[in-house]
Amino acid sequence: MRQGKLSLNTKLEILLFPTHFKSFILILICSLYFGCVPEVKKPVSHTDANDHLQTYAKGFRIVELHSIRKLLIYSPWKEDELLNNYVIWPDSLPLPDSLKSTPIIFTPVKRLIALSSTQWAAALQLNAIEGIKGVSEASYIQNEQIQDRLKSGETIEVAVNGSYKPELIVGIHADLMAYSPDPSGIPEVLSRSGYPLLAWPDYFENHPLGRAEWIKVMGLLLQRENEAAILFDSIAGSYNKLKNLTTDLNHRPTIFADKEFSGQWYVPGGRSYMACLFRDAGADYLWADNTSTASFPLGIEAILNKAHKADFWRMAQAANDIYGYENLRQENEIYASFEAFQQKKIIFCNTAKTAYFEKSQFEPQIVLSDFIFLIHPDLLPGYSPVYYHFLQ
């Protein structure tokens, strides 16, 4: 039983009003540099509310009270503030009168608009590709299954270059639209769609397993909770076994990350997602004592002073097949001053070739394996890296 929706013509009239749209570049920068926020408190207002098992993610909670399940999505910017507070109700059951004025997501969600790759990737992880009806930025998508669906018209591109296509959005008749939240608020074109809107701030999680744990949200939406729990437990088990390999190392090489951008070098905070990976891979991150969960800018001279003798240097970017040390030197001659450059110890992820932004969130154990193998090859003999390799 689903709530009634506005007619197609009515939605079109509403959606065609002018609005401002966030750009794809902003989303990418957020994903790269602001993948972490301080842990927020999430008080339970009822003593008999039971949390479903959740161990790493801070941005959502699934709670149950008197057989009513709720999905809570928390703001990354304001402590204790909710972005969403939905009752999750099976479509096969009659809706009680007491809930008819409550924000509800009826499950299983059969028609999903996913405006970020990590949203549709979560559905793919649970073998639910048939429900992905709308995506954004199709030219950046590397997944062949999604590309095939785009060609056949089973999935439609509803946003490109930060601009939405309202007539296509309303034509999908979606059960739910998932979006990446922005501190400026919900774009008007989305809020006027008439669809339930679900904020998906997974990229603010500061632990690799916290990001992967968002698979449980998709499992809840698709009524595939057991599958999601089994998958996450497998991921977490593999990740933690790998982490244990580096616990008692006598030598932890030093490492730093990323490059200069517009006169500033954005350094991952000491409590960030990337800092966590470095630590778990058995490396000594040079800014580990920093208390920030987000990246912060420093001048290139400050980076050189602290990191010029670092053992390893990590970077990730989209590049062609021939990108190497000479290309890096041409970008900035000072890069050649780092010992990691001179010793060819740059750990590099070519995001254009590896589908890093589509797949790695749900494969943190593979990302960790890559780092461990490149930093401590004796711990994983015979391993073949997937996302990260030494720059050639």
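The values are calculated or read from the model by the stated rules, or taken from the named source; none is laboratory data. Note that the structure is predicted; figures quoted are calculated from it, not measured. We place every Cβ from the backbone using ideal geometry, glycine too, and count neighbours over all the protein chains shown.
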Failed condition for Leu115, given (1) in contact with an Asp or Glu (Cβ under 8 Å, 6 or more places away or on another chain); (2) in the same structural domain as Thr155 (by TED's automatic domain parsing), with all others met? (1)
Ala340, sole failed condition from (1) closer than 30 Å to Pro201 by Cβ; (2) touching an Asp or Glu at 6+ places or on another chain (Cβ under 7 Å); (3) assigned to a helix (DSSP H, G or I): (1)
Please give the number of the condition Thr247 fails out of (1) without any contact (Cβ under 8 Å) to a residue 60 or more places away in the chain; (2) polar (S, T, N, Q); (3) in a helix (DSSP H, G or I). (3)
Strands (runs of 3 or more DSSP E) lying entirely in segment 81-145 (those with 1 or more residues that are surrounded by fewer than 16 Cβ atoms within 10 Å (Cβ to Cβ) and either at pLDDT 95 or above or over 21 Å from the mean Cα position of the chain (by Cα) (or both)): 82-90
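Name every residue in segment 194-227 that is assigned to a loop (DSSP other than H, G, I, E, B), more than 17 Å from Val109 (Cα to Cα) and in contact with a strand residue (DSSP E or B) (Cβ under 9 Å, 6 or more places away or on another chain), in order of residue number.
Scanning segment 194-227 gives Pro201, Glu213.
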Within segment 323-345, can you find the residues that are loosely packed, with under 15 Cβ neighbours inside 10 Å and basic (Lys, Arg)? Arg329, Lys344
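Looking only at segment 258-310, how many residues end up being among the basic types (Lys, Arg) and not in a helix (DSSP H, G or I)?
The total comes to 3.
For residues in segment 263-316 being of a type in the set (Asp, Glu) and buried (at least 17 other Cβ atoms within 10 Å of the Cβ), which is nearest to the chain's Cα centre (by Cα)?
The first filter runs over segment 263-316 and keeps only residues of a type in the set (Asp, Glu), leaving 280, 284, 289, 301, 311.
In the following step, the residues that additionally are buried (at least 17 other Cβ atoms within 10 Å of the Cβ) were identified as 280, 311.
On the way: Asp280: 19, Asp311: 28 Å.
Only one residue tops the list, namely Asp280.
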From the list Ile186, Ile169, Ile255, Ile235, pick out the single residue that is part of a loop (DSSP other than H, G, I, E, B) and either crowded, with 16+ Cβ neighbours inside 10 Å or touching a strand residue (DSSP E or B) at 6+ places or on another chain (Cβ under 7 Å) (or both). Ile186
Pull out all pairs, ordered by first then second residue, where Cβ-Cβ is under 6 Å, the residues are six or more apart or on different chains, the first lies in segment 101-119 and is touching a residue at least 12 places away in the same chain (Cβ under 8 Å), and the second is among the polar types (S, T, N, Q). Thr107/Gln223; Pro108/Gln223; Leu115/Ser136; Ser116/Ser180; Thr118/Gln361
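Which members of segment 47-75 meet the condition of being of a type outside the set (D, E, K, R) and modelled with pLDDT under 95?
From segment 47-75, those of a type outside the set (D, E, K, R) are 47, 49-50, 52-57, 59-60, 62-63, 65-68, 71-75; that's our starting set.
Across segment 47-75, the qualifying residues are Thr47, Ala49, Asn50, His52, Leu53, Gln54, Thr55, Leu65, His66, Ser67, Ile68.
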